[in-house]
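Structure first, then comments.
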Amino acid sequence: MSTSGGRPRRSRSTAVRRRPADRRQQILDAAARAFSEGGYHAVRLDQIADDAGISAAALYRHFPNKYALFCETTSGLAERLAVAIAGVESDQPDPRTELSELLATIATTAIDNRRTGGLYRWESQYLDRSDAEPVRSVVITQHRRMRTQLIRIRPELSRADADLITSAMTSVVASPATHRASLPIRDAQTLLRDVAAGLVDVELPVPRLEPPAPAGLAPSAKREIILAESISLFAARGFHDVTIEEIGAASGVPASGVYRHFSGKAAILEAAFWRASDRTTACITDALAVSSTPREAIVELVRRYVEVWCGNRDLIMVYASEIGHLEPDRRTALRRQQRINVEEWTTWVVRSRPELGAARARYLVHAALAAISDLVRLDRSSEPARIGPLAQRILLGA
């Protein structure tokens, strides 16, 4: 075919396909979503390519391997946070104003990057030290700025108390990355900022000086031993790097003995997650059984939930970082039960504070659960009696 001027005209089927100018950014966005949802090892490059609408070969033209892609997505998230934090004027006369602005900025950044914000959970686990250092620097800088304002407000605080409260405030404003509950952006930002700022005035009990009580006796059943040893190994080294042979050796059985109880590593992981889900569900029943008012129910829910997770620190670390290794239908079933539990908590928050409404109460439940998870996971010395008051304040207010 030709045009009236004699130049050839390309048919629709032979037209040149122009590469989008933002192809690299499309790949990074798809990768950030995948890594945020599933961690590092569970994500495949062909999955990222499909999500970006390109072939795997086209992806390799931009990134040589998965690690390079992970490294750039993680550093990109950190850079966005750094830019946002730098935009808040420092050394303001009123520390509460500066802290409020910092909290609002982090909340906005978390909401804007909601589908990719989960990356902050993986950077320390999968990045090489040299690549992790710039990311950690951003996190540390943000923490120190907030802690400085907190200490200006409450100079009597110990370093341990200031760090714990600052970490809890950060978890609250970063919590939108951990769930998909719906709330208008402006409402969500204001709610999270105000709730986080309310933690400034929480009085924490003095850390206990005596060592924690002994853990007690371990089960003798082989299945339980395998489950416990697997979780310890997964927490220490990551699901991907642990073999069935190593699980067997730690459990005192050959690899074939492991397979008599579980079909593979993923089956062990699923069993552990369901065990955790059952325990958190039982917390609800037990808490309600000893409560006579909605407020008492919230206090008991928090106390029992915190105690369960402080007693299962390895499991919460594995759950936070390795759930992506389960098949999608298995993850869906677990998350369905999580939503049921969240709705139960939400019901009692609304009954205690009807002015909130269900949507805002649900946001607070997710914020409280995120704070508990982060404080237990990031600080093995944290105690239930010191985490509980922070979570109660998030849910109950003053």
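We did not get these values from a lab; they are worked out from the coordinates using the rules stated. Source: prediction; values computed, not measured. Glycine also receives a Cβ, built like all others from the backbone with ideal geometry; neighbour counts cover every protein chain displayed.
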**OP:** For the chain, with a Gaussian network of springs between Cα atoms less than 10 Å apart, report the residue from ALA367, ALA188, ALA221 with the top mean-square fluctuation.
**Re:** ALA221
Subject >> Candidates THR105, THR332, THR280, ranked by Gaussian network fluctuation over the chain, Cα under 10 Å, top entry >> reply: THR332
**OP:** Putting +1 on Lys and Arg Cβ atoms and -1 on Asp and Glu Cβ atoms, find which of SER171, ALA86, GLN26 reaches farthest to the positive end of the dipole of region 23-201.
**Re:** GLN26
Original post:
Based on the mean of other beta carbon atoms within 10 Å per residue, what is the order of 297-307, 76-86, 151-161, most packed first?
Top reply: 297-307, 76-86, 151-161
Original post:
Using a Gaussian network model of the chain with C-alpha springs under 10 Å, which one of GLN337, GLN149, GLN189 is most mobile by mean-square fluctuation?
Top reply: GLN337
**OP:** Report the relative contact order of region 23-201, percent, no decimals, based on alpha-carbon pairs under 8 angstrom and at least 6 residues apart.
**Re:** 26
**OP:** Let me have the 222 nm mean residue ellipticity of the chain computed from DSSP H runs of 4+ only, each contributing -39500 (n - 2.57), with the sum over all residues rounded to the nearest 500.
**Re:** -22000 deg cm²/dmol
Subject >> Within-10-Å neighbourhood charge of ALA181 [Cβ basis; K, R +1; D, E -1] >> reply: +4
**OP:** Report the charge-dipole magnitude of the chain in Debye, nearest 20, computed about the Cα centre from +1 at each Lys and Arg Cβ and -1 at each Asp and Glu Cβ.
**Re:** 1660
**OP:** Grab the other residues whose beta carbon is less than 14 angstrom from that of LEU204, score K and R as +1, D and E as -1, and report the net.
**Re:** -2
Subject >> Counted charge near ALA398, where neighbours are those whose Cβ lies closer than 15 Å (Asp, Glu -1; Lys, Arg +1) >> reply: -1
Subject >> Mean Cα-pair separation over length for region 222-396, i.e. relative contact order, pairs under 8 Å, 6 or more apart, % >> reply: 23
